[in-house]
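Quick notes on the structure that follows.
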Amino acid sequence: MEYVIEMLNIRKVFGTFVANDNITLQVKKGEIHALLGENGAGKSTLMNVLFGLYQPDGGEIRVKGNPVRITDPNVANDLGIGMVHQHFMLVDTFTVTENIILGSEPTRVGTIDMKRAEREVRELSERYGLAVDPTAKIADISVGMQQRVEILKTLYRGADILIFDEPTAVLTPQEIRELMQIMRTLVREGKSIILITHKLKEIMEVCDRVTVIRRGKGIATLNVAETNPNELAALMVGREVQFTTAKKPAEPGKPVLEIKDLVVKDARGIKAVNGLNLTVHAGEIVGIAGVDGNGQTELIEAITGLIKAESGTIRLNGRDITNLPPRKIIEAGVGHIPQDRHKHGLVLDFPIGENMVLQTYYQPPYSKRGLLNFQAIYEKARQLIREFDVRTPDEYTKARALSGGNQQKAIIGREVDRDPDLLIAAQPTRGLDVGAIEFIHKRLIEQRDRGKAVLLVSFELDEVMNVSDRIAVIYEGNIVAIVDPKETTEQELGLLMAGSKRKEAGVS
Amino acid sequence: MKSNRLQQFLIPLLAVLLGMIAGSIVMLASGYNPIAGFYALVYGAFGDTYYIGETIRQTTPYILTGLAVAFAFRTGLFNIGVEGQLIVGWLAAVWVGVSFDLPKIIHLPLALLAAALAGALWGLIPGVLKAYLKVHEVIITIMMNYIALHVTNAIIRSVLSDEGFKSKPVKESASLHSDFFDAITHHSTMHYGIFIAVAAAFVMWFLLERTTKGFELRAVGFNQHASQYAGMNVRANIILAMVISGAFAGVAGAMEGLGTFGNISTKAGFTGLGFDGIAVALIGGNNAFGILLSALLFGALKVGALEMPSSAGVPTELVDIIIALIIFFVASSYMIRWLLSRWQKGAE
Ligand SMILES: Nc1ncnc2c1ncn2[C@@H]1O[C@H](COP(=O)(O)OP(=O)(O)OP(=O)(O)O)[C@@H](O)[C@H]1O
Ligand SMILES: [Mg+2]
């Protein structure tokens, strides 16, 4: 009765592709167990098997020592297994409580007992330190709060084994710290947790044990106290990984992107970008550091033409591109790795091959006299899949079926391959494994070295400090400071991002 | 993999069979002989060359209305206005058909083109409203159906006839009538339109799957945000999709105006061809080849059903129920798929 969950020699095959090749995962009661592996290693698949979304093709699952067959998520619920999905499954127009009780509503003489439900939700929230307002509308609360609602949903259904699939990928650093705290509270209250994350730091910080898988095979299970990030990275990737990417000093050339007095309103009509000025030169990477919601999204969407700028100008290579249609801006030489890969980056129901020509499908050689040239399209797709190590059964597979990290690699491949004069990379490594991150950083630096301008937006300070040649700190829609990454610290950046002036931050 | 192919094929057949069983129960319960009933249905659809001709004639507009609905579906739109687009197409075709004296090689294509343009115009309006004002196309297309019906009736009365209820027949040079089919199918109303309908199915497949424009239309249909991000003009594509969908519907009207009837009469209500097109498209999986088959199913049921009251004595109301049951089972074939997968799991 030592293990609450035992997945023994689990095998899962898609067509001819083996996603899980006899993987064994054993989770002890009251521990936080990390599941670590490259993009496409089969982590989500394994968890979907445990949660009853997929049926295994082999192996055995035991819960608290008893062999079980988890035929659907309801069975998983009954066994006390809850899952917090990476893409939340909440009804936007419902309140927190309504979302939580959906499907297991407490009733009193045939009507929903909302008062009781709210009380129960509030109690649960307090007990685990979640600080969720049971009466708030989902649409009105932050992503971090929405995630907590997902956690409450599983707790409300009586889960004592919680699966988190990349919970921190969508969170700000502050929210991540809070989530860690919540997870500690959960295990203290006797819950067990399986945590999927690509961030080794997080594993070292909160996890007790870690199971590493690579290309569908179980590699090792280790005590976190007895290992270190280097060993974990090497185990999962199968080679040594450099955490900081070596690069030559930048040799900035002429200005490529020049933004003057830009004002952009957000969907609510508030000035999200408020008189912003910024220049990015050829041959340099400018990183934008800032807390989420300070105008980063609106800035990028205005540059790429997805939303209209109120006033100000945006120039590319000296040419005014303000408020041009997106296609004109793309043709002028802008590449864009979007923040939300499902919303903007991919047509999920298209094959991965067709997604590779999403912007260029109408140009030769992909289009000839108005007809698609599939040979050329899939030729290009195969080249990019090879070059960017996109793990997919083949180029005809729907983008939807790829693992999150591999979808991201496909998008990056497409954008870098178009060789734009300005490459905008918004959260380019979100959800990527350490090996892939190293690779992407190298490609960004390579673009720079070839004389291209790169604008990097990231909530990961590590990434901004590591890759950028200059860091522009954005706060309330303005660039409040430009700093040299070699002469700044995370502390200083943190203070600047919170709105304090340069002087107060202790730098002259 | 192989068993999947087989399933693709077997499931619709199984669905029809289940529908027939359910229909049999209904007939038995009401005191009719199901064997005689279904014999009449099948005989009435395929029993001799006359019936086959009628079935094909009925299938012709179904193919086109099915394509119209499917084209919109595939591009992310729900075109309930196929009925109205068909009616204006019918009117335009007949109008051109009676008004000119031209060689057939010009007159017939001109009449077809007029029908396509009229349907396209009827699709353009909801398309523009959707693209620029975000008005839902379902609401506008329903309204457009009524406008089409009444405007057409008014034009038939005041322009195409002298306060009558029927236009003159279209000129021979614009007619789809076929002496050849007439001869081999014992004077059924089958006409050359079937070739146009099958060609249209090919056009739809080609347009969507092979052309650059089709790539764009499909992309916008699946994900407008990604399409905009990729530089596609989302509004223009929404409008174009409705226009093309409407053009298919308009040609469906031409099948009736230049082929089946050879004229146009005032209508008390809708033809139903456009609404049935929604079911044809869904059952055909919104795919050109599938629509050919599902249109044939609908055509056969519609024509065969006419035989049930006369030769098996089943009252028309009951026939309608039986036909609906068969369609219901085909439409819910995903249920059968689910049952099959349960079965297979149990057998393991
Ligand atoms: N429904 C499916 N059909 C076909 N292949 C699939 C399907 N789901 C997953 N795969 C494949 O199985 C492999 C494992 O996918 P999975 O989502 O489990 O990866 P992961 O370890 O969660 O990766 P990531 O860290 O990128 O999220 C991938 O190569 C993916 O393409
Ligand atoms: Mg995953």
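The values are calculated or read from the model by the stated rules, or taken from the named source; none is laboratory data. From a predicted model like this one, the values you see are computed outputs, not experimental measurements. Don't worry about glycine lacking a Cβ; one is built from the backbone with ideal geometry, like all the others, and counts go over all protein chains shown. Note: accessible area is taken over every heavy atom of the protein model, side chains too, but ligands, DNA and RNA are not part of it. Shrake-Rupley method; radii C 1.70, N 1.55, O 1.52, S 1.80 Å.
Using a 10 Å cut-off around each Cβ of peptide B:216-228, what is the average number of partner chain Cβ atoms that fall inside?
Numbers: counts 2, 0, 4, 7, 1, 2, 5, 10, 1, 8, 14, 4, 7.
Going residue by residue through B:216-228 and averaging, the value is 5.
Just the number, please: carbon plus sulfur as a percent of the accessible area of region B:145-233, 1.4 Å probe, no ligands or DNA/RNA counted. Accessible surface attributable to carbon and sulfur in region B:145-233 totals 64 percent. Helices meeting the span-like rule in chain B (full DSSP H runs, Cα extent of at least 27 Å along the helix axis, mean Kyte-Doolittle score of 0.0 or higher): B:2-29, B:49-74, B:104-133, B:234-254. Ligands, DNA and RNA are left out, and with a 1.4 angstrom probe the accessible area of region A:3-237 is 42 Å² per residue.
Taking every alpha-carbon pair under 8 Å whose residues sit at least 6 apart, chain A reaches a relative contact order of 15 percent. Each peptide among A:163-170, B:101-108, A:291-298 gets the average number of other Cβ atoms lying within 10 Å of its residues, and from highest to lowest they stand as A:163-170, A:291-298, B:101-108.
I need to check one value: relative contact order of region A:3-237, counting alpha carbon pairs closer than 8 Å and at least 6 residues apart, in percent. Could the numbers behind the result be given before it?
Numbers: 452 pairs, mean separation 66.1, N = 235.
That works out to 28 percent.
The alpha-carbon positions of chain A define a convex hull whose volume is 170 Å³ per residue.
Eigenvalues of the alpha-carbon gyration tensor of region A:3-237, scaled by 5 and square-rooted, set the equivalent ellipsoid semi-axes at 30, 21, 16 angstrom, largest first. Ignoring lysines fewer than eight residues from residue B:267 along the same chain, the ones with Cα atoms less than 25 angstrom from its Cα are B:166, B:168, B:171, B:302.
Annotation: amide H-H contacts under 5 Å for residue A:372 (H modelled 1.01 Å from N, sequence separation of 5 or more, or interchain): B:211, B:212. For region A:255-507, carbon and sulfur atoms together expose 48% of the accessible surface, with a 1.4 angstrom probe and every protein chain in place.
Using only the C-alpha atoms of region A:223-346, find the volume of their convex hull and express it per residue in Å³. Show your work: numbers first, answer last.
Working: hull volume 22.4 nm³, N = 124.
Hull volume over Cα atoms, normalised by residue count, gives 181 Å³.
For peptide A:345-355, the mean count of partner chain Cβ atoms within 10 Å of a residue's Cβ comes to 4.
In percent, rounded to a whole number, the relative contact order of region B:33-313 is 42, using alpha-carbon pairs under 8 Å and six or more apart.
Provide the percentage of antiparallel DSSP beta bridges, counting only those with both residues in region A:255-507; round to the nearest 5. Walk me through the numbers before you get to the answer.
Details: 23 of 40 bridges.
The answer is about 60 percent antiparallel.
Summarising the amide proton neighbourhood of residue A:475: residues at separation of 5 or more, or on other chains, whose placed amide H is nearer than 5 Å comprise A:480. Which shape class, rounded, prolate or oblate, goes with chain B when its Cα gyration tensor gives a ≥ b ≥ c as root eigenvalues, a/c under 1.5 marks rounded, and past that a/b bigger than b/c marks prolate? Oblate, since a/c reaches 1.5 and b/c is not below a/b. Per residue of chain A, the DSSP helices (runs of n ≥ 4 H) give a summed -39500 (n - 2.57) that works out to -9000 deg cm²/dmol at 222 nm. Here the Karplus curve 6.51 cos²θ - 1.76 cosθ + 1.60, taken at θ = phi - 60°, turns the phi angles of region A:23-36 into couplings of 8, 10, 9, 10, 10, 7, 5, x, 10, 9, 10, 8, 10, 10 Hz, with x standing for Gly and Pro.
Each residue was assigned an accessible area with a 1.4 Å probe, and for residue B:171 the value is about 70 Å².
Packing around the peptides A:471-483, A:243-255, A:453-465, A:381-393, taken as the average count of other Cβ atoms within 10 Å per residue, puts them in this order, highest first: A:453-465, A:471-483, A:381-393, A:243-255. For region A:118-263, the antiparallel share of DSSP beta bridges with both residues in that region comes to about 55%.
How many Å² of accessible surface get buried when B and A come together, counting both sides, probe radius 1.4 Å, rounded to the nearest 100? Before the final figure, lay out the partial values.
Numbers: alone 17060 and 22300 Å², together 37210 Å².
Protein heavy atoms only, the B-A interface buries about 2100 Å².
Surface composition of region A:3-237: carbon plus sulfur atoms contribute 48% of the solvent-accessible area (1.4 Å probe, protein chains only, all chains present).
What residues have an amide H closer than 5 Å to that of residue A:425, excluding those fewer than 5 places away on the same chain, when H is modeled at 1.01 Å from N in the peptide plane? So residue A:425 has HN proximity to A:337, A:455, A:456, A:457.
Restricting to lysine pairs 8 or more places apart or on different chains, what number in region A:162-314 have Cα atoms under 16 Å apart?
For region A:162-314, qualifying lysine pairs total 4.
Backbone phi angles across region A:11-19, fed through the Karplus curve with coefficients 6.51, -1.76 and 1.60 (θ = phi - 60°), yield HN-Hα couplings of 10, 9, 10, 10, x, 9, 8, 8, 7 Hz in residue order; Gly and Pro are listed as x.
Based on DSSP H runs of at least 4 residues, each adding -39500 (n - 2.57), what is the mean residue ellipticity at 222 nm of chain B after dividing by all its residues, to the nearest 500 deg cm²/dmol? Don't skip to the end; give the middle numbers.
Working: 16 runs with 262 residues, N = 348.
Taken over chain B, the calculation gives -25000 deg cm²/dmol.
As a rough guide to protection, the peptides A:6-19, A:208-221, A:28-41, B:227-240 ranked by mean Cβ packing within 10 Å, highest first, stand as A:28-41, B:227-240, A:208-221, A:6-19.
Over all distinct alpha-carbon pairs, what is the Kirkwood Rh of the protein assembly as shown in angstrom? Can you show the working numbers first?
Working: mean 1/r = 0.0323 Å⁻¹.
Kirkwood radius, the protein assembly as shown: 31.0 Å.
Within 10 Å of the Cβ of each residue in A:299-309, the mean number of Cβ atoms contributed by other protein chains is 1.
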